[in-house]
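Chemist: Structure in structure tokens, see below.
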Amino acid sequence: MCSNYQAVSTTERLRLYFGVDAPPPQVKSDVWPLYEAPFIRRHPNKDVGDEAVPPREVMSGLFGLVPFWAGEIKYGRRTYNARTETVAELPSFREPWAKAQHCIVPVEWIYEPDHRSGTPIPTRIQRKDGKPMGIAGLWTSNRKATGSEVFSFTMLTVNAKDHELFRLYHRLEDEKRMVVILREDQYDAWLDAPASRSMDFMQQYPAHLLMATPEPERGKRKKNEVPPPASPDLLG
């Protein structure tokens, strides 16, 4: 499961690789659960025939889906990933899944913990070609928690027990999971797909197109450095 990633945060890369022209939200690029980060969805007015309306729009939302009925924002601390095996049934995700509220999460790389040495080593996973990853997600909005509209999103995941790369991460006894990384030629199809076709996109991304780089010093506090906010899943 992915609980930490580097968001695509520059206008140039969002325009080049995701086709969104608006400036990105002013958010931190190093993202943890309940941090604000960019996600991309279909513009709600894309079919009105106005050429000024872009087909895609970049939004700012919390990483961790906060369903419309949740009374507290902190609910999203445990819903930043959604298992494709249960997403249609779980109360947290079933409404955005049924309504096909699809989004793309623009990501430079993600971090996963490598426990094989006995000590968890944060490991950066990214595309070999240097392009960002478009991760399939769901978005929603909530007004109950704060009295104003708050957008949030989750990343979809599939089983990775037979994936040559992702099966190496997380604790040895844990189920192996990986986020759903879309191909560029799937972006529009994913954003437009009805709920009946959502599962068609829930596939593993080829391991040979990815690379992993251990970062053993990541997360270690330096002298006089303020620690990051606590999260129950910092290492998966």
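The values are calculated or read from the model by the stated rules, or taken from the named source; none is laboratory data. Since the structure is predicted, the reported quantities are computational estimates derived from the model, not experimental observations. For neighbour counting, all protein chains shown are included, and Cβ atoms are generated from backbone atoms with ideal geometry for every residue, glycine included.
Chemist: Filtering the stretch 56-105 down to residues that are more than 18 Å from TRP32 (Cα to Cα) and at pLDDT below 95, which residue is surrounded by the fewest Cβ atoms within 10 Å (Cβ to Cβ)?
Modeler: Per the criteria, the residue is GLU57.
Chemist: Do we have GLU36 as over 13 Å from the mean Cα position of the chain (by Cα), of a type outside the set (Phe, Trp, Tyr) and either surrounded by 15 or more Cβ atoms within 10 Å (Cβ to Cβ) or modelled with pLDDT of 95 or more (or both) here?
Modeler: no
Chemist: Taking the stretch 161-212 only, how many residues are buried (at least 19 other Cβ atoms within 10 Å of the Cβ), assigned to a helix (DSSP H, G or I) and free of Cβ contacts under 8 Å to residues at least 60 places away in the same chain?
Modeler: 1
Chemist: Something else: Does at least one position in the stretch 128-144 carry a residue that is of a type in the set (Lys, Arg), free of Cβ contacts under 8 Å to residues at least 40 places away in the same chain and within 15 Å of VAL66 (Cα to Cα)?
Modeler: No, the stretch 128-144 contains no residue that is of a type in the set (Lys, Arg), free of Cβ contacts under 8 Å to residues at least 40 places away in the same chain and within 15 Å of VAL66 (Cα to Cα).
Chemist: Same structure, new question: Provide a single number: the residues in the stretch 94-141 that are touching a Gly at 6+ places or on another chain (Cβ under 8 Å) and within 22 Å of ARG41 (Cα to Cα).
Modeler: 7
Chemist: If only one of VAL20, VAL53, VAL27 is assigned to a loop (DSSP other than H, G, I, E, B) and either under 15 Å from CYS2 (Cβ atoms) or under 16 Å from the mean Cα position of the chain (by Cα) (or both), which one is it?
Modeler: VAL27
Chemist: Can I ask one more? Residue check, PRO113 against (1) closer than 21 Å to GLN186 by Cβ; (2) touching a residue at least 12 places away in the same chain (Cβ under 8 Å), all met but one. Which one?
Modeler: Status for PRO113: all satisfied but (1).
Chemist: Go through the residues of the stretch 120-127 one by one and say whether even a single one is more than 20 Å from PRO216 (Cβ to Cβ), in a strand (DSSP E or B) and at pLDDT 95 or above.
Modeler: Yes: one or more hits.
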